[in-house]
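The values are calculated or read from the model by the stated rules, or taken from the named source; none is laboratory data. Just so it is clear, the structure is predicted and the values come from calculations on it, not from any experiment. As a convention, Cβ positions derive from the backbone with ideal geometry for all residues, glycine included, and neighbour counts pool all protein chains shown.
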């Protein structure tokens, strides 16, 4: 038996672990292939979402321009086609050569009480209070009472609305339940014109809950019910629903608006408004002009990697590349619906080379096989290499996940504030001019905060990809640079209760006319990042001081706070990427963990540095050091 002992030891201690490590290496390759796909998907979805948001802003601007031009009967507005006025039960038309078409499409709706479909997002149907006014379905007296509907659950429009939105993004069962309930209550639902290759979630890994035999099951309960296996591919249904309403019902709820109507000619848009005389006027929107405006607002339709365009209600692109590059329009890689004002219109992205992702994934698998072969020849060394590679991959995956989660969390906060105050201003309910100015200041402050975060992410992206931004270096007055940056950031800090002082000299040497050589915008980004860091980690203290002047043979900018300081042993790590005092999304100090890393990188590119030192009496001191341009 002793002769077999080395073999047993070899098998137990080396061979079996090596096989296990090989299996893990292959699984890591599959995971890397998935990361390749998800990176492409995330990038394209971001571009699609930005395009969709831009089109929504354009529609809002179009509506506002038509509303403001109502007193001039839309003269000179290229968007306005046939215009109308309702007076004493009569319809007066003017302008354009399509009056007869307008009359056929809208006369019955405007005069005779006919109903046309009005479109809403299914989530808004459940969120608005008027959705609760729909008549209940009569049931036999001996029937079991129905479970509370989603609409009843949504009367608490805080947590419930957020839960429904999250469920719609993550679980197709919830989507089916909500759309099915909308159908049962008289809303029309639609299928989409496209079948995206990369849906928001992996439908093959999800189970669908069966609908109850009678009544409606609350969505939060339904998605936790006993699952059944899906037998057919997931159908792609629009989250826009419609119901027929009359012109009188629309005018009782709003003083102006846009009404989409899909006719034999395609989508038509009708604008209407209540005039100062109490009459109703409006016009048909020229869809050819609107299409041209949408096309002008889009990014370049084609790049080296993707094709991006807008599909109309027929599923046809409003702008298409050359026929040789035209993909299957019904099968985009990713796609999003735009707005209920453009029903069945979508923004989609297609890959120029659909096989590129698979090629990259195959390359990752090939690398894994090479690693396994090397492991066979040098088992011990190979095992250590694989262990190190796995540790690295897990660390990178964790950093990527934390980075995406933190950036998404940080982006959502200022966007939510901007949207809230913009809606308050747009509603016209706030008559106090001082409050309106306060709202505008808040929106500007949040926009600057958002811009700073985006600048940090873009700087990190360029650095991670090895790209060098062409920057112009000029002689810059240190005093002007610091005071300008602090004055721009100071309103945001003051709103949070901070006391900010900015002065020359003090603990530093006299400034004179200190000039530094560098790029003004990137150096401002360094100062903003240091101020933002002081803001996040100030704790209960709300005191920030900025000093600038000469420190030996260098120009220095010091940002001092009375905050929580830096824990012992972290003074060097805080300048690493993705490092924060608390990485949880609920941490008091937000951020992506990039500010100090980017600040030091920019400073070193200018021949300087960013350093940390504890402050006497508590707090932190971050110092930006730069070479002096006029020091001879």
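Residues considered: 504, 555. Of these, the only one that is within 16 Å of residue 484 (Cβ to Cβ), touching a helix residue (DSSP H, G or I) at 6+ places or on another chain (Cβ under 9 Å), in contact (Cβ under 8 Å) with a residue 40 or more places away in the chain and surrounded by fewer than 20 Cβ atoms within 10 Å (Cβ to Cβ) is 504. When restricted to residues that are modelled with pLDDT of 75 or more and either assigned to a helix (DSSP H, G or I) or surrounded by 14 or more Cβ atoms within 10 Å (Cβ to Cβ) (or both), region 402-445 contains 25.
When region 175-189 is filtered for residues that are surrounded by fewer than 18 Cβ atoms within 10 Å (Cβ to Cβ) and at pLDDT 90 or above, the ones remaining, listed by number, are 188, 189.
Going by what's in this entry, would residue 33 be described as more than 22 Å from the chain's Cα centre (by Cα), surrounded by 14 or more Cβ atoms within 10 Å (Cβ to Cβ) and modelled with pLDDT under 75? Yes: the conditions hold for residue 33. Take residue 169 and tell me if it is part of a helix (DSSP H, G or I), surrounded by fewer than 18 Cβ atoms within 10 Å (Cβ to Cβ) and at pLDDT 85 or above. No: the conditions fail for residue 169. The residues listed here are 266, 282; of these, the one that is within 21 Å of residue 341 (Cβ to Cβ) and surrounded by fewer than 19 Cβ atoms within 10 Å (Cβ to Cβ) is 266. Would you be able to say whether some residue in region 316-334 is surrounded by 19 or more Cβ atoms within 10 Å (Cβ to Cβ), closer than 22 Å to residue 122 by Cβ and within 19 Å of the chain's Cα centre (by Cα)? Yes: region 316-334 contains one or more residues that are surrounded by 19 or more Cβ atoms within 10 Å (Cβ to Cβ), closer than 22 Å to residue 122 by Cβ and within 19 Å of the chain's Cα centre (by Cα).
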